[in-house]
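Shown next, in structure tokens, is the structure this report addresses.
The values are calculated or read from the model by the stated rules, or taken from the named source; none is laboratory data. The model shown is predicted, which means the values in this text are computed figures rather than measured ones. Note: ideal-geometry Cβ built from the backbone for every residue, glycine included; neighbour counts use all protein chains shown. Ligands, DNA and RNA are stripped out before the accessible areas are found, and what is left, the full protein with its side chains, is counted by its heavy atoms. Shrake-Rupley method; radii C 1.70, N 1.55, O 1.52, S 1.80 Å.
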Amino acid sequence: MTEFHDVIQRGPKAVSEDVRERAILVGVDRPGLKWPVESSLAELERLADTAGADTVAITTQKLSSPNPRTFVGSGKAEEIAQLARSCSADLVIFDDELSPSQQANLEKVVDKDVKVIDRTALILDIFALHATSKEGRLQVRLAQNQYLYPRLRGMWAHLASNRLGGGVGSRFGEGESQLEVDRRMVRKRITSIKRELEHLGSVRSVQRESRLTSGMFKVALAGYTNAGKSSLLNHLTKADVLSYDKLFATLDSTTRRYKLPEGREITLTDTVGFIQKLPTTLVEAFKSTLDEITGADLILHVIDSSSPEYDAQILAVEEVLDQIKAHEIPCIRVFNKIDLLDGDNRAGLAARHPHDVLVSSLTGEGIDTLVKRIELAASSADAAMEVLIPYSKGKLVSIAHERCRIISEEHREKGTYLSMMVPQAYRDMFEPYRNSEPTS
Ligand SMILES: Nc1nc2c(ncn2[C@@H]2O[C@H](COP(=O)(O)OP(=O)(O)OP(=O)(O)O)[C@@H](O)[C@H]2O)c(=O)[nH]1
Ligand SMILES: [Mg+2]
């Protein structure tokens, strides 16, 4: 697993990808949980695996509410420390976000070389592993620093000898404790990352704006991690987006042009996946990437129909869409991976979701129906126009072919006659060429 290199070096290990760590997972079963604790822990195990840790033990506790000091009860905390010793575990991962003081208290209970982290830190870790673009890396660093800021105290109590940047004492003002200095540094770092992201964001929004004014219909693929968003994009556009059976394979959004069978071109954008208990720091830090969703004309909500938890996954995704204010954008639910369902399950799914689309990005089944639905959505705001475009304005004819739906076309004496369905964004462009000749 990676460490938060730019903030603090924790623990004795410099972990490279080929060194796998041994993890104990801890879940708390509370009344009214939306997600059964077992399946949440199964997902945590996959997250741990993706980050490079093998799960050596899983333990749960039933509680009416978390213990404010140690999250689990104090007896359970001792038991976890014992378990970590007997399993030679390197880390203990809690399935829920720990408060900074809970984390610090738990680190006091376990042996010194055992790390205590929570789901949020694990997700941040995977994001750090998978971020490739400059913007992606910055977004992850922002989330990491925001996560670490309130936790610096616990880390200092536990690792008093570790330092940020070294040279301590010579560089820092008198009377300031190391903690204050570190807080100041992290705060400064947060401000500077935000500034850099704002700059990148404004570049991106100019790019998006130019796409917007070009009037292309924009479709964003959103959904739970591992649902098959990248596979669907690859299937539709023959793109080569990384898709594999790990969580959060995609962090950076990819946009591809796609030609609908009617001829019109649209854009399709693959985006970062969501997960239950998605840390709010990440949602905020990934704002510029998530803007690809909020700026879309249509969202394809891709769902893994083979997951036993797909209902809960849908809700988790809808919650994030709400949070980023994308809930009013038209949305098509796409139940993917139907090749993994048997006949009965498939029929049941179709009966329960008659308005949604069932597809397989692997076999291509159902994709035609999906494309028709996209076509319908893309043309919903079209208006019929008849134009006569002079031969000197040939570019307009190609734009019409790429962006509008052509009903008929004739080469006449004064130019190209087109009868077509025109999206809102292009009406002004074609208005001066409205046909006044009688139709033949
Ligand atoms: N059987 C089957 N497997 C699929 C299908 N679509 C995707 N997969 C597999 O599901 C896994 C995840 O697919 P991705 O396309 O990476 O999923 P994603 O939604 O982009 O995931 P993240 O980027 O991690 O959020 C891969 O192993 C794919 O091969 C499908 O229709 N059928
Ligand atoms: Mg992906």
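Summarise the accessible area of the chain (1.4 Å probe, protein heavy atoms) by the percent that is carbon and sulfur.
So the carbon and sulfur contribution to the accessible surface is 51 percent.
State the extension gain, in nm to one decimal, for the chain segment bounded by Tyr244 and Arg69, taking 0.36 nm per residue of separation less the distance between their alpha-carbons.
The Tyr244-Arg69 span can extend by a further 59.1 nm.
Could I have the simple spin-label model distance between Glu79 and Lys188, label points 7 Å from Cα toward Cβ, reported in nm to one decimal?
4.7
Using Cα atoms only, what is the angle between the long axis of helix 74-86 and the major principal axis of the chain, expressed in degrees (0 to 90) to the nearest 10?
90
What is the extension gain from Asp49 to Glu265, computed as 0.36 nm multiplied by their sequence separation minus the C-alpha to C-alpha distance, in nm to one decimal?
Gain on extension, Asp49 to Glu265, equals 73.8 nm.
Quote the accessible area belonging to Thr416 in square angstrom, nearest 10, computed with a 1.4 Å probe and with ligands, DNA and RNA left uncounted.
10
Can you give the accessible area of Ser307 in Å² (nearest 10), computed on protein heavy atoms with a 1.4 Å probe?
20
How far is the Cα center of the stretch 279-328 from the Cα center of the stretch 416-436, in Å?
36
For the pair Lys372 and Arg427, what calculated FRET efficiency results from E = 1/(1 + (r/R0)^6), where r is the Cβ-Cβ distance and R0 = 25 Å, to the nearest 0.05?
About 0.55, to the nearest 0.05.
Using a 1.4 Å probe on the protein heavy atoms only, what accessible surface does Ile406 show? Give it in Å² to the nearest 10.
40
Treating only the Cβ atoms of Lys and Arg (+1) and Asp and Glu (-1) as charged, compute the dipole magnitude of the chain about its Cα centre; round to the nearest 20 debye.
For the chain, the charge dipole is close to 1240 debye.
Which far-off residues, 5 or more places away or on another chain, put their amide H under 5 Å from the one on Ala53, with H placed in the peptide plane?
Glu21
With the Cα gyration tensor of the stretch 215-378 giving a ≥ b ≥ c as the square roots of its eigenvalues, does the rule (a/c under 1.5 for rounded; else a/b larger than b/c for prolate; else oblate) give rounded, prolate or oblate?
It is rounded, given that a/c, with a ≥ b ≥ c, falls under 1.5.
What is the Cα coordinate range of the stretch 325-440 on the first, second and third principal axes, sorted by size from largest, in whole angstrom?
Principal-axis extents of the stretch 325-440 (Cα, largest first): 60, 33, 23 Å.
Compute the angle between helix 119-130 and the longest alpha-carbon principal axis of the chain, please, reported from 0 to 90 degrees and rounded to the nearest 10.
Tilt of helix 119-130: around 60 degrees.
Expressed in whole Å with the largest first, what are the equivalent ellipsoid semi-axes of the chain derived from the C-alpha gyration tensor as the square root of 5 times each eigenvalue?
Values for the chain, descending: 50, 27, 16 Å.
Keeping every protein chain in place, order Cys404, Cys331 by accessible area at 1.4 Å, biggest value first, i.e. largest first.
Final ranking, largest accessible area leading: Cys331, Cys404.
For an R0 of 22 angstrom, estimate the FRET efficiency from the Cβ-Cβ distance between His353 and Ser380 and round to the nearest 0.05.
0.55
With a bin width of 10 angstrom, please list the P(r) values of the stretch 383-433 as percents of all Cα-Cα pairs, from the 0 bin to the one holding the largest distance.
28, 65, 7
Quick one: order Ser380, Ser231 from most to least accessible surface, probe 1.4 Å.
The residues order as Ser380, Ser231, largest area first.
Using Cα atoms only, what is the angle between the long axis of helix 343-352 and the major principal axis of the chain, expressed in degrees (0 to 90) to the nearest 10?
80
Can you sort Glu262, Glu45, Glu180 by 1.4 Å-probe accessible area, starting with the largest?
Glu180, Glu45, Glu262
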